[in-house]
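Taken together, the values in this text are just the output of simple stated rules run on the coordinates, not laboratory data. On a predicted model such as this, the values are computed, not experimentally measured, just so you know. Cβ placement follows ideal geometry from the backbone for every residue including glycine, while neighbour counts extend to all protein chains displayed.
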Ligand code: ADP
Ligand code: MG
Ligand code: MG
């Protein structure tokens, strides 16, 4: 096994082994682009180190061999006193984790070699600046010294000089700072800053390995659902210097705008600086376009390299580069992160450029991005006071109370407040706060600052670089250009799509993508530069590709109509319990529950029947020509009765007044009688139908009569009757007999022959296990994966999220709640079993799923693989389900 690869040996497909950075450095090297030579230590070496606490035995010699080769190539030796080779030691995992792990630049500098570097470069200031950077980065990341100490020492030196700019510090100042820094290291670690270059390198490599398991890296991985066992590679890259003077510099670039997707020149450049300065927002960068005026040749070369990279990767790339005395060097590239809108626009642009086909375009976007585009945005015509106009770093409209540190953001959001995290600039320590906040506002940094990159990755609203704002995190407030003060807790609104910042709460308007689905987007209004057009083309292709049909969960005509506009191909779940609510109906339902003889019960049912029927008529009309699956009454009856405490108080008060209410007394008795310790496992679902004579019959009659009425009126109603919570075929057989009898009666009475399918939900493990038998009596199955998850795991859905799920997520027992994304191994296995058994009994058995999972991207892919016919989800999730069903099929 080989643990070290030269940049000339790897390629972009080796991300598992070389990490994204290493694989792409190799790819660029092999494309003949100017990459400083170097080599990559594999993730396998890191895994061994993390598992055993030490490097794999052969690593040291392999590294020595590659270092020798590198020294040969460069004609310099690492840390050589006369002419030192310097290297960077850079982390790089398979998936990019911006700023989460460590990198150390200028390894190889020491008291002995700093003079050599100065002589070779003919620039003493540069050598000492590089040395102080090494001690600072090494001290912080490798030796664990508090970075603030270095920052403060540097600030103090600038203050003493009466300047705020690093560039005003001369060689002598920097030399003094180096001494100061070495003192800090000695004080804090009890040892001297290591002078042996190879020792520096080895320690840095270990620090990078260790950074894989830093708290912030772990938190980021959980958030982004990146597996914890991938480990990081380490890249050793010969240094090039952007801090050699005005003809040098460093920057970041995108081949298109990652926020909008538009083509153009996007990026930031910083003269006379080393790479980390750009991201840290130390000094203000200039737009990349300005480089043209500073260094035409490098600019042209960069533009041409960007075209090469886009054509090669066939996607948006982001790039880190450095110019050393007029010579351009490429230090990193990768397929860049982008906003949801950019993802759709870019995918379609690349199709039009002939670089990718529509399948690939569909593959490049996802349901989460589509969902983001459906968020409402701020009302443009707002009268709210705009106090700043920063950089639109990550889209969305966020309103919340201003908070100025991560801790408060987390604390307040835990107690249910919506907060906006306001900082001068963010750093990786702010991650918790960024996750907790609705949005992030910074006064410094550009589109490539930490805040911007991380927020885009999380899909969180962010405005950065709002320079008019004076942010004072110590006093917990910011001041606007015209002197207004916003204190911690004041409401602000930020628009990540425009960069605007408002005082107070700004009203929001619907997104154009939703208006497009609704059909209310007026012609020519697209349109956010072709965004709606891009969504339209990709959705159309998803619809062509997908084999899963998409239905809606809808209980009324309004929802059904919206669902149709969003592309629903029927209703997969109509809950009838919602039809039992409302003042008038509630009274009848109470009478039904209180009835202790046939006559009272029949009277209550007879009153409810026409009300139910009217509901169904409307619903079938809205879904004319499409299937509507109606679930018979499911919830425990106590949900329809008054709250026990409230009722007890009412009865007690009435008794005290010597004016007892007969009905309340009976209700209270009923509530006591119906009280169950575990109502979700109690009298509900099919059990209600079996225990309350006539209840299911009444519902089926309402469905059948409504269908007959629609049919006579020229409609095409397609109801399906669904029995919930069945555990054994015997239950279903009894209900089935009753239903068939009712259907026959309705047909006889109306003369309309009805073809109403009868099926069941599969939401208990026993039902899934005996699906072969159940299919004898069911024409369709709909998997109720909410209850199935609840019963398979033994989790009470209403309680666990608040009690122990956080702990489970933190401990990595699952990466995401099984109520959100289907648990393939457990619940999923039962679904697959039921599919196989059910179809074995009845080959034309129709199979669907209703419940939250029906609109969850990952779950949709599972249902496609499991061979279901349709998923059903809430109307708003329908476009997401359509898109993901299409993606699952390619
Ligand atoms: P990150 O993953 O946090 O971007 P990097 O390893 O890319 O970390 O390095 C941090 C910064 O240092 C980047 O701006 C990068 O371009 C710069 N850098 C890394 N290696 C070198 C090098 N050999 N020469 C010059 N700059 C470098
Ligand atoms: Mg980088
Ligand atoms: Mg259920």
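Taking every DSSP beta bridge that has both residues in the chain, what percent is antiparallel when rounded to the nearest 5?
Of those bridges, close to 60 percent are antiparallel.
Separation of the range 337-376 and the range 788-813 by C-alpha centroid, Å?
Their Cα centres are 34 Å away from one another.
Report, as a whole number in µm² per second, the diffusion coefficient that Stokes-Einstein gives for the chain at 37 °C and 0.692 mPa s using the Kirkwood radius over alpha carbon pairs.
Values: Rh = 31.2 Å.
After rounding, the answer is 105 µm²/s.
Using the per-residue mean of other Cβ atoms lying within 10 Å as a proxy for protection, in what order, highest first, do the peptides 228-235, 738-745, 368-375 fall?
Order by mean packing, descending: 228-235, 368-375, 738-745.
Grab the DSSP H runs of the chain that are 4 residues or longer, score each as -39,500 (n - 2.57), total them, divide by all residues and round the 222 nm result to the nearest 500 deg cm²/dmol. Please report the intermediate quantities before stating the final value.
Values: 36 runs with 408 residues, N = 890.
One gets -14000 deg cm²/dmol as the mean residue ellipticity at 222 nm.
Hey, got the Cα dimensions of the range 50-97 along the principal axes, in Å, largest first?
So the three principal-axis extents are 39, 28, 18 Å.
Based on the mean of other Cβ atoms within 10 Å per residue, sort peptides 418-424, 599-605 so the most packed one is first.
Peptide ranking by packing, descending: 418-424, 599-605.
Which part of the range 127-143 falls in the paramagnetic zone of residue 155, meaning amide N under 18 Å from the point 7 Å along Cα-to-beta-carbon?
Correct set: 136-137, 140.
Sort 247-258, 652-663, 703-714 for me by packing, meaning the mean count of neighbouring Cβ atoms within 10 Å per residue, highest on top.
Taking the mean over residues of other Cβ atoms within 10 Å, the ranking is 247-258, 703-714, 652-663.
Give the separation of the Cα centroids, the range 548-587 to the range 62-116, in Å.
First find each Cα centre; the distance between them is then 64 Å.
Label points 7 Å out from Cα along the Cβ direction at residue 740 and residue 81: separation in nm?
Roughly 10.1 nm, to one decimal.
By how many degrees, between 0 and 90 and to the nearest 10, does the Cα long axis of helix 43-52 differ from the longest principal axis of the chain?
80 degrees
To test your reading of the geometry: what angle, between 0 and 90 degrees and rounded to tens, separates the Cα axis of helix 15-30 from the longest principal axis of the chain?
Taking Cα atoms only, the helix is inclined about 50 degrees.
Between residue 65 and residue 31, what length comes free when the chain is fully extended (0.36 nm per residue of separation minus the Cα-Cα distance, one decimal in nm)?
Extending this stretch completely gives an extra 9.8 nm.
If the convex hull of the alpha-carbon atoms of the range 67-146 is projected onto planes in all directions, what is the mean projected area in square nanometres?
6.4 nm²
Relative to the longest principal Cα axis of the chain, at what angle does helix 662-674 sit, 0 to 90 degrees, rounded to 10?
On a 0 to 90 degree scale, this one is about 60.
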